[in-house]
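Throughout, read-outs are computed from the coordinates displayed, never taken from laboratory work. All of these numbers come straight from a predicted model, not from anything done at the bench. Cβ placement follows ideal geometry from the backbone for every residue including glycine, while neighbour counts extend to all protein chains displayed.
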Amino acid sequence: MHILVQKYGGTSVGSVERIKNVARRIIKSKEQGYSVVVVVSAMSGETNRLLDLAHEMTPEPTRRELDMLVSTGEQVSIALLAMALQDMGHPAISMTGAQVGIRTDANFTNARIQHIDDKSMRAELAKGCIVIVAGFQGIDQGNNITTLGRGGSDTTAVALAAALKAKYCEIYTDVDGVYTADPNKVSDARLLREISYEEMLELASLGSKVLHSRSVEIAMNYNVVLHVRSSLNTTEGTLVVKEKKEMEQIRINGVTSKTDEARVTVYDLDHKPGVAAAVFGELAKQRINVDMIVQPSSTEATHTNRISFTVKKSDLKTVEGVIENLREMGAVKGKHAIDRDIAIISIVGVGMKSHTGVAAELFAILAKNKINIEMISTSEIKISCVIAEDRVLDALRGIHAGFGLDKEPEKTAPPAASARKRA
Ligand code: ASP
Ligand code: MG
């Protein structure tokens, strides 16, 4: 029998009524002949409520106790869902991360799954039981409860699907799927039927909150087909799949933005080997995630450089500490500046690999909207620009319209191989 893994997010299990609806949906899949494993999040708002409680108790709760606390949210929803299913006459069993053998590292509040022992799940499925697993949590070598980072239930679901070699992993959420842009910001955003893992990964890490990025990485590595869809209706959502050749015919698939980053510029750095290594080495030691980095060419006369980079605003305090240390060590001699009022907008599409002129078109759209570009970075399937935060909506809407993302794309044949890569 084929195994189907379904994941329901916080809004989908936000009330008794909604949990009953979810139970009915699960029963339908079971009646189609699937063995069903269900992963659920905590009821909406619950994880935040628990975190607030912790911070009322102490300004700096230890991360082990935080995980002990927040992991309880999911335990409530799995038990309630199992009760709903049993009440409807279907055998079901709820299980915690530890009970299904989800082993993680010991990095509390942001642990990574290392191993899943599928035996206990398979035994329950063999009895015809619906298995309901608590998302977001695992257990480390020392049997401490760990959590996988905010939004981590997606990752639990995909990891279980990979371990069980499930046919699909359905991610049920409160939106219809993955859109060309955030529909709350761009009114004519279009639902995408299909998107590649690579594109989804870029979108997830670029601030579109539909899926936990780690879940997309696991899906890509284990070839798990993801179906992102709404739990509130029966419309088909978005399939996240391996890249297909014809996907390259579409130039770009989406535009996204994030405003939770700030730009740090360090001036008057010596223009010699090892300086960038010192700055970013110290940041890495403090586990600061640096996103974009730009170093203009040196000012010949003074033999100095400046480097700008972006980091999460919530990391700024740590970053300033690192810069002070570097100053004491002599690696930083000049001043530094911080700009919080920035946004990063990005366009994503596997078609960029073979279409030329996409960057030029993006810059032309921004120019037409009189939006200044402050930093640029590119990857094979993404172009990002730093702009002023107060222009972010204009940029999103301008780009969405400019690239015609509201319409089903015409599949333009990519240029001949000889013309490739000369963007
Ligand atoms: N309940 C956790 C959170 O709110 C995990 C999840 O919902 O995926 O982040
Ligand atoms: Mg989520």
(message) For the chain, take N as its residue count and report Rg(C-alpha) divided by 2.2 N^0.38 Å.
(response) 1.08
(message) Over the Cα atoms of region 83-207, what radius of gyration and what Dmax do you get, in Å?
(response) 17.0, 50
(request) Give, as ranges by residue number, the residues of region 37-80 whose backbone N falls under 17 Å from the point 7 Å along Cα→Cβ of ASP174. (result) 40-50, 74, 77
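When a/c is below 1.5 the answer is rounded, else prolate if a/b is larger than b/c, else oblate, so apply that to region 36-153 with a ≥ b ≥ c taken from the square roots of the Cα gyration tensor eigenvalues. Before the final figure, lay out the partial values.
Values: a/c = 3.01, a/b = 1.49, b/c = 2.03.
Because a/c hits 1.5 or more and a/b fails to exceed b/c, region 36-153 counts as oblate.
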(message) Below 24 Å, Cα to Cα, which lysines can LYS368 reach? Residues fewer than 8 away in the same chain don't count.
(response) LYS185, LYS258, LYS382, LYS407
(request) May I ask for the Kirkwood hydrodynamic radius of region 152-225, worked out over all distinct Cα pairs and given in angstroms to one decimal? (result) 12.8
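How much of the DSSP bridge set in the chain is antiparallel, in percent, rounded to the nearest 5? Provide the component values of the computation, followed by the final result.
On the way: 42 of 71 bridges.
Roughly 60 percent of the DSSP beta bridges within the chain come out antiparallel.
Diagonalise the Cα gyration tensor of region 98-152 and give the resulting equivalent ellipsoid semi-axes, square root of 5 times each eigenvalue, largest first, whole Å.
Numbers: eigenvalues 102, 28, 11 Å².
Taking √(5λ) for each Cα gyration eigenvalue gives 23, 12, 7 Å.
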(message) Mean-square fluctuation check for the chain, GNM, Cα pairs under 10 Å: which of ARG214, ARG63, ARG251 is largest?
(response) ARG63
(message) List the aspartates and glutamates whose Cα sits under 17 Å from the Cα of LYS313, skipping any in the same chain fewer than 8 residues away.
(response) ASP260, GLU261, ASP291, ASP339, ASP341, GLU389, ASP390
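Please compute the Kirkwood hydrodynamic radius of region 1-87 from all pairs of different C-alpha atoms, in Å with one decimal.
Details: mean 1/r = 0.0709 Å⁻¹.
Evaluated on region 1-87, it is 14.1 Å.
So between LYS335 and ALA106, what do we pick up on full extension, going 0.36 nm a residue minus the alpha carbon distance?
Working: separation 229, 0.36 × 229 = 82.44 nm, distance 3.79 nm.
Going from the current span to full extension adds 78.7 nm.
With +1 on each Lys and Arg Cβ and -1 on each Asp and Glu Cβ, how big is the dipole of the chain about its Cα centre, in debye rounded to the nearest 20? Before the final figure, lay out each step's value.
Values: 52 positive and 52 negative charges, 179 e Å.
Roughly 860 debye for the chain.
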(request) Identify all lysines with a Cα-Cα distance to LYS127 below 17 Å; exclude those on the same chain that are fewer than 8 residues away in sequence. (result) LYS30, LYS119
(message) Connecting C-alpha atoms closer than 10 Å in a GNM of the chain, tell me which of ALA278, ALA82, ALA163 has the biggest fluctuation.
(response) ALA278
